[in-house]
Amino acid sequence: MSMVSRSRLTRSRRFACVALVVFAGCNAMNGTMNNEVGKNYYKAGNYTMAKDEFQRAVINDPDNADYIHNLAAAHKKQGQVGEAERLYRHAITVNPEHQPSYHSLALLLNEQGRQGESLSMLQAWKETQPYNTEPYIELAWMNREQGNLAASEQLLTQALRIRPNDPIASAQLGQVYEDTGQKDRALAMYQRSRFSQWNQP
């Protein structure tokens, strides 16, 4: 190969690399814009337009679990529960630590009367990520939703052993204590939660 042709090939490869980076960057920026517009439509109650924007966001950035979750939520609002479930599960596949998708999927299953599936799914998450407080908190929340306050208390206590200053675990344990009439312990947990993160409800 001549020196000229090598030089042209090198320039072509560099141009292709730069174009690829710019294209990927543009897609990510477009995805962000689509997602923000979709959230505004969602808040306004226009779920059809929200769904369209979230779909565009997913097309622009297919590995973004937030966008997939938001698309699922829009489907759910329109009564397309099967598609919402599929998308929530897909978001978890894309990001196995995506707490909003676990929460929304657990809620969807619970609302459908599939309480056992909801608990099993969150339990499996906890077992695969025992170092992460979020699955303990989500499983505790679902047990509380289903009336099992003892299991909820145990799980939140375990979460606080992993991360003693977790504000969400502290607040939820305060709610459990309040539900069981332990007002002094509830107040102590609420104060502990606010001390960890003051700007919360």
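Quick grid of which residues meet (1) in contact with a Lys or Arg (Cβ under 9 Å, 6 or more places away or on another chain); (2) at pLDDT 50 or above:
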{"residue": "Met3", "(1), (2)": "no, no"}
{"residue": "Phe23", "(1), (2)": "no, no"}
{"residue": "Ala28", "(1), (2)": "no, yes"}
{"residue": "Lys43", "(1), (2)": "no, yes"}
{"residue": "Lys51", "(1), (2)": "yes, yes"}
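Taking first residues from the stretch 48-73 that are closer than 17 Å to Pro100 by Cα and hydrophobic (A, V, I, L, M, F, W, C) and partners that are at pLDDT 95 or above and not in a helix (DSSP H, G or I), the Cβ contacts under 6 Å between residues at least 6 apart in sequence or on separate chains come to Ala65/Asn95; Ala65/His98. Determine, yes or no, whether Val37 is within 17 Å of the chain's Cα centre (by Cα) and among the hydrophobic types (A, V, I, L, M, F, W, C). The answer is no for Val37.
Against the list (1) touching a His at 6+ places or on another chain (Cβ under 7 Å); (2) of a type in the set (A, V, I, L, M, F, W, C); (3) open to solvent by 20 Å² or more (accessible area, probe 1.4 Å), the condition Ala84 fails is (3).
Selection of first residues in the stretch 158-175 that are more than 15 Å from Pro130 (Cβ to Cβ) and of second residues that are of a type in the set (D, E, K, R), restricted to Cβ pairs under 6 Å at least 6 apart or on distinct chains, gives the following pairs, ordered by first then second residue: Ser170/Arg192.
Could you check how many residues of the stretch 171-201 are under 16 Å from Leu155 (Cα atoms) and of a type in the set (Phe, Trp, Tyr)? The qualifying residues number 1.
Every listed requirement among (1) surrounded by fewer than 23 Cβ atoms within 10 Å (Cβ to Cβ); (2) within 21 Å of Lys51 (Cβ to Cβ) is met by Ala91 save one, (1). Checking each residue in the stretch 152-180 for being part of a helix (DSSP H, G or I) and within 21 Å of the chain's Cα centre (by Cα) picks out Ser152, Leu155, Leu156, Ala159, Leu160, Ile162, Pro167, Ile168, Ala169, Ser170, Ala171, Gln172. For the stretch 60-81, residues that are open to solvent by 60 Å² or more (accessible area, probe 1.4 Å) and either at pLDDT below 95 or outside any helix (DSSP H, G or I) (or both) total 4.
For the stretch 124-151, residues that are closer than 27 Å to Tyr67 by Cβ, assigned to a helix (DSSP H, G or I) and not charged (D, E, K, R) total 10. In this entry, Leu119 is excluded by the filter for residues that are open to solvent by 30 Å² or more (accessible area, probe 1.4 Å), of a type in the set (A, V, I, L, M, F, W, C), under 27 Å from Ala44 (Cβ atoms) and at pLDDT 95 or above. From the set of residues in the stretch 125-155 that are within 22 Å of Gln112 (Cα to Cα) and polar (S, T, N, Q), which is least open to solvent (accessible area, probe 1.4 Å)? The qualifying residue least open to solvent (accessible area, probe 1.4 Å) is Ser152.
The values are calculated or read from the model by the stated rules, or taken from the named source; none is laboratory data. Values in this document were obtained by computation on a predicted structure and should not be read as measured data. Ideal geometry is used to build each Cβ from the backbone, glycine not excepted, and the neighbour counts take in all protein chains shown. These accessible areas exclude ligands, DNA and RNA; they are computed on the full protein's heavy atoms, side chains included. Shrake-Rupley method; radii C 1.70, N 1.55, O 1.52, S 1.80 Å.
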